[in-house]
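Visitor: I'd like to ask you about the structure that follows.
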Amino acid sequence: MKDLIAQNILQLRGQIADACEEHDRDTDDVHIVAVTKTHPAAIIKQAVAAGIHDIGESRVQEAEPKIKEAGPIARYHMIGHLQSNKVRKALEIFDVIQSVDSLKLAEEINRQADKLERSVECLIEVNCSGESAKFGVAPDECEDLLMKIATFSNIDLVGLMTIGPFVEDEDTIRRAFALCHDLFKHGRDRLGDQFDTLSMGMSVDFPLAIGEGATMIRVGSSLFGPRRA
């Protein structure tokens, strides 16, 4: 399994390089978050040994024992929906919260981070596909939320995150990513160079996301195989 993961990571880096070449981008500008949801701590260790520096998890309860077992060997990203009552525990184990989707949640993150005497990197999750089943702030509400969170003393607001629409039509997927990129550029104009992360694209659509300006992709199944039960 260890050799297979290393091989998959090497293949992924080649695919990223191809997408970057097609769109005249630098491969160093695209960072990988390896999503280890449903996989054990041993997989985290193997991924890091193969050159991965960022690990993504979707559920606090599942992630906590795995991260404690693996130790501080990577930057840990919370990429799933975060409930307010799980914020304190999330801040104890994660370095980055990618799924801030409301002012209420941001306020709780700021409050708990203050209690823990830390600051936390956060991304605003935007629902650029308009799908009702997805979390995320509406695109037309993004700027208002962004400017409010930017005033919080214990949150370092570094970018935006979105999930592409679950459709086969590539033009529809591109439009959603392009919309998030436009919002990201506007946010960077408002907040400056520290607003530098655009997290979008997963195993099925990351080449399209790179084409629309993603600086971070979140990839799981193409590295580790199907999710475990």
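Visitor: Just checking, how many residues over the range 178-222 are more than 14 Å from Leu160 (Cα to Cα) and among the basic types (Lys, Arg)?
Guide: Qualifying residue count for the region: 0.
Visitor: Ser153 - would you say it is surrounded by fewer than 17 Cβ atoms within 10 Å (Cβ to Cβ) and of a type outside the set (D, E, K, R)?
Guide: Here the answer is yes, as Ser153 does meet what is asked.
This table checks each residue for (1) surrounded by fewer than 22 Cβ atoms within 10 Å (Cβ to Cβ); (2) touching a strand residue (DSSP E or B) at 6+ places or on another chain (Cβ under 9 Å).
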site	(1), (2)
Asp26	yes, no
Thr38	yes, no
Ala47	no, yes
Glu57	no, yes
Glu69	yes, no
Gly80	yes, yes
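Results for (1) over 21 Å from Lys185 (Cβ atoms); (2) under 19 Å from the mean Cα position of the chain (by Cα); (3) not in a loop (DSSP other than H, G, I, E, B); (4) not polar (S, T, N, Q), shown as yes or no for each residue.
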{"position": "Val48", "(1), (2), (3), (4)": "yes, yes, yes, yes"}
{"position": "Ile52", "(1), (2), (3), (4)": "yes, yes, no, yes"}
{"position": "Gln61", "(1), (2), (3), (4)": "yes, yes, yes, no"}
{"position": "Lys68", "(1), (2), (3), (4)": "yes, no, yes, yes"}
{"position": "Pro72", "(1), (2), (3), (4)": "yes, yes, no, yes"}
{"position": "Leu91", "(1), (2), (3), (4)": "yes, yes, yes, yes"}
{"position": "Leu123", "(1), (2), (3), (4)": "no, yes, yes, yes"}
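Visitor: Among the residues of the range 159-200 satisfying the criterion of being surrounded by 19 or more Cβ atoms within 10 Å (Cβ to Cβ) and aliphatic (A, V, I, L, M), which is farthest from Ser132 (Cα to Cα)?
Guide: Taking the candidates together, the pick is Leu198.
Visitor: Would you check which residues across the range 188-210 are in a helix (DSSP H, G or I) and either among the aliphatic types (A, V, I, L, M) or more than 17 Å from the chain's Cα centre (by Cα) (or both) and list them?
Guide: Scanning the range 188-210 gives Arg188, Asp189, Arg190, Leu191, Leu208, Ala209, Ile210.
No value in this document is a laboratory result; all are computed from the given coordinates. Bear in mind the structure is a predicted one, so any value in this text is a computation, not a measurement. With ideal geometry, Cβ positions are generated from the backbone for all residues, glycine too; neighbour counts draw on all protein chains shown.
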